[in-house]
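Asks: For reference, the structure I am asking about is given below.
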């Protein structure tokens with residue numbers, strides 16, 4: 001059963017979403033403020049309003065993306081193009097403006113969850129690259145490539161977040177999870193450099209100066 005967290009202060013709309021989707025077999029957690037959200041609680045999808053009583057949903061989205069790939073659909077009355085661009089750049093998987101059709105919302109949710117299931121399958125195949133993370137088999141244009149465990153971790157995070165800029169801090173936190181108190185700040189740069197050489201991906205693993213890295217195929 002998929003768990004959906006709704007963060008929407010309009011009680012009627014919050015309840016309406018649950019009523020519209022309850023036949024789909026989802027379990028729901030209904031929240032009305034940013035402060036009620038707990039990242040430690042398991043969820044498969046977050047439906048997030050932007051204008052909430054205790055702050056901006058953009059701030060929460062930014063925090064979520066520092067540590068999690070959980071799909072997020074923004075649901076908001078903000079229909080400015082700049083707001084939509086901001087949401088997508090921060091890592092939202094979709095952006096829906098109010099008013100909206102519950103049928104459309106259902107379809108968008110299904111699409112996002114299908115994409116997430118494919119991502120969880122553990123195989124990435126695109127542009128001559130084929131990465132099977134479960135079997136730890138990696139190839140470029142059908143030529144096998146050997147990767148270290150650290151390189152595999154980095155590669156998996158990058159391709160799972162394709163087109164999404166990931167900060168250096170987030171990458172370090174998620175790659176070096178062995179409890180080490182200190183990781184040389186150059187370790188990430190060295191790992192990125194090795195991965196680029198092995199995959200011939202100098203133009204795919206792109207540096208976003210002052211921020212981090214992004215996997216972006218042309």
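Asks: Go through the residues of the stretch 91-104 one by one and say whether even a single one is assigned by TED's automatic domain parsing to the domain that holds residue 41, in contact (Cβ under 8 Å) with a residue 24 or more places away in the chain and within 11 Å of the chain's Cα centre (by Cα).
Replies: So far as the stretch 91-104 goes, yes, one or more of its residues are assigned by TED's automatic domain parsing to the domain that holds residue 41, in contact (Cβ under 8 Å) with a residue 24 or more places away in the chain and within 11 Å of the chain's Cα centre (by Cα).
Asks: If you take the residues in the stretch 41-90 that are assigned to a loop (DSSP other than H, G, I, E, B) and either touching a residue at least 40 places away in the same chain (Cβ under 8 Å) or not assigned by TED's automatic domain parsing to the domain that holds residue 31 (or both), which one is farthest from residue 211 (Cα to Cα)? Walk me through how you get there before you give the answer.
Replies: The first filter runs over the stretch 41-90 and keeps only residues assigned to a loop (DSSP other than H, G, I, E, B), leaving 41-44, 49-50, 53-54, 68-71, 77-80, 90.
In the following step, the residues that additionally are either touching a residue at least 40 places away in the same chain (Cβ under 8 Å) or not assigned by TED's automatic domain parsing to the domain that holds residue 31 (or both) were identified as 43-44, 49, 53, 69, 71.
Values: 43: 27, 44: 27, 49: 26, 53: 30, 69: 18, 71: 22 Å.
Checked the stretch 41-90; the qualifying residue farthest from residue 211 (Cα to Cα) is 53.
Asks: Out of all the residues in the stretch 16-24, is one or more touching a helix residue (DSSP H, G or I) at 6+ places or on another chain (Cβ under 7 Å), assigned by TED's automatic domain parsing to the domain that holds residue 110, farther than 24 Å from residue 89 by Cα and assigned to a strand (DSSP E or B)?
Replies: Scanning the stretch 16-24 turns up no residue that is touching a helix residue (DSSP H, G or I) at 6+ places or on another chain (Cβ under 7 Å), assigned by TED's automatic domain parsing to the domain that holds residue 110, farther than 24 Å from residue 89 by Cα and assigned to a strand (DSSP E or B).
Asks: Okay, next question. Need at least 3 residues that are closer than 22 Å to residue 88 by Cβ per element, so show me which helices (runs of 4 or more DSSP H) inside the stretch 122-218 make the cut, counting only ones lying wholly within it. Before the answer, list the steps.
Replies: Values: elements: 149-160, 168-175, 186-199.
So the answer is 149-160, 168-175.
Asks: Follow-up question, since we're still on this one. Return only the number of the condition from (1) loosely packed, with under 13 Cβ neighbours inside 10 Å; (2) within 18 Å of residue 7 (Cα to Cα); (3) at pLDDT 85 or above that residue 43 does not satisfy.
Replies: Condition not satisfied by residue 43: (1).
The values are calculated or read from the model by the stated rules, or taken from the named source; none is laboratory data. Everything numeric here is computed off the predicted structure, so don't read it as measured data. Methodologically, a virtual Cβ is constructed for each residue, glycine included, from the backbone with ideal geometry; neighbour enumeration extends over all protein chains shown.
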